[in-house]
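Visitor: Questions regarding the structure given below will be posed in turn.
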Amino acid sequence: MCDMDLAVARLIKALDNHEKILVLGDYDVDGITSVALVVSYLRPLAEAPDTPEEQSRFQPYIPDRHREGYGISMQAVDFAKAHGFHLVISLDCGVKAVEQVAYANELSLDFIICDHHLPGEALPAAVAVLDPKRLDCSYPYPDLSGCGVGFKLLQGLTERLGLPLAPLYAQLDLVTVSIAADVVPVTGENRILAAHGLRRFNVTQAAAAQAALPTAEHAAADTPDGPA
C-alpha cells in the first residue's frame, strides 16, 4: 500500500523512542473498532506493557460528534499537543484533513492517516497517508474498511519487526465487526478477513463482536489459510 513503508518506519521510531501516541478514530462502529484494534495491539509491544506509564503512552481518542463533528478536528490536534503526544494515528478519517494536518505540522505533531474514503484534490501533508482509494496507490483491493486499513498498518509493522502474526490475527473479530457495520463489499480481501474473523467468534466473548454476528453471517466460510 502506498506510504506503508513510511508509516511503519515512523511507528517503529515512536515505539523505540517511547513517544506518546494518540489513536484517533471516527465515532462510528468502524472508527471505534479501528481504535480498539490499534490500541490493544500496540500496548503489549511496549517495554513494560503492564505499567501505568507505558499504558498511558497509547491513548484512544473518539471525537465528540456534536462539538467536533466528523473526522480530525482542530480540538483534537490541540488536545494531542497539550497532553504531550508526539504522533497521532487517525483511523477511518483524515484523508481530507488538509488544514488540520497542516496545523499539526506547525505544532511539530506527526500524523499517520489510515482511511478508506475517497481523497480530495490534495492529500494532507502527513508522514504517511494509507488509503487504498488513493489514485496513486496500486493496492489491489480498494474496498477495505477503515479498521481493515488499520489492520494492514499493524500487519506491516508486525512483519517489519519479525514478530509472529498470530496475535494480530486473533483480533480479526474487530475487523469483521467493522466490515459488517460499515457495509463494505464482502468480496476479495474483505471476504477473507471476515471469514477468519468469524472463526474468532468461537473463542471470543467480545460483546460487540457477538452482537454483530447475525449481520456478518453472509461472509465467506471457505477461505485460504490466512489473511492476505
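A short reminder: the numbers here are calculations on the coordinates, not readings from a lab. All of these numbers come straight from a predicted model, not from anything done at the bench. FYI the Cβ positions are ideal-geometry reconstructions off the backbone, even for glycines, and counts take in every protein chain you see.
Visitor: Could you grab me the full set of residues in the stretch 94-111 that are on the phi > 0 side of the Ramachandran plot and buried (at least 18 other Cβ atoms within 10 Å of the Cβ)? It would help to see each step written out before you state the result.
Guide: Initially, the stretch 94-111 is screened for residues on the phi > 0 side of the Ramachandran plot, giving 94, 108.
Hit for the stretch 94-111 is G94, nothing else.
Visitor: Let me ask something additional. Within the stretch 69-101, can you find the residues that are among the hydrophobic types (A, V, I, L, M, F, W, C) and more than 29 Å from Y141 (Cα to Cα)?
Guide: Kept after step one, since they are among the hydrophobic types (A, V, I, L, M, F, W, C), are these residues of the stretch 69-101: 72, 74, 76-77, 79-80, 82, 85, 87-89, 91, 93, 95, 97-98, 101.
Those that are among the hydrophobic types (A, V, I, L, M, F, W, C) and more than 29 Å from Y141 (Cα to Cα): M74, A76, V77, F79, A80, A82, F85.
Visitor: Further question: Taking the condition of being in a helix (DSSP H, G or I) and exposed (fewer than 15 other Cβ atoms within 10 Å of the Cβ), how many residues in the stretch 140-172 meet it?
Guide: 5
Visitor: Any residue in the stretch 42-55 that is among the polar types (S, T, N, Q) and surrounded by fewer than 14 Cβ atoms within 10 Å (Cβ to Cβ)? Outline the logic, then answer.
Guide: Narrowing the stretch 42-55 to residues among the polar types (S, T, N, Q): 51, 55.
Those still in the list that are surrounded by fewer than 14 Cβ atoms within 10 Å (Cβ to Cβ) too: 51.
Checking the stretch 42-55: at least one residue is among the polar types (S, T, N, Q) and surrounded by fewer than 14 Cβ atoms within 10 Å (Cβ to Cβ).
Visitor: For a quick check of your reading of the model, give me the residue pairs whose first member lies in the stretch 4-28 and is within 27 Å of V183 (Cα to Cα), whose second is charged (D, E, K, R) and outside any helix (DSSP H, G or I), with beta-carbon atoms closer than 7 Å and at least 6 apart or on different chains.
Guide: If the second residue must be charged (D, E, K, R) and outside any helix (DSSP H, G or I), the pairs left are G25/D92; D26/D92; Y27/R65.
Visitor: Give the residues of the stretch 13-48 that are basic (K, R) and not in a helix (DSSP H, G or I), sorted by residue number.
Guide: From the stretch 13-48, those basic (K, R) are 13, 20, 43; that's our starting set.
Listed by number, the list holds a single entry, K20.
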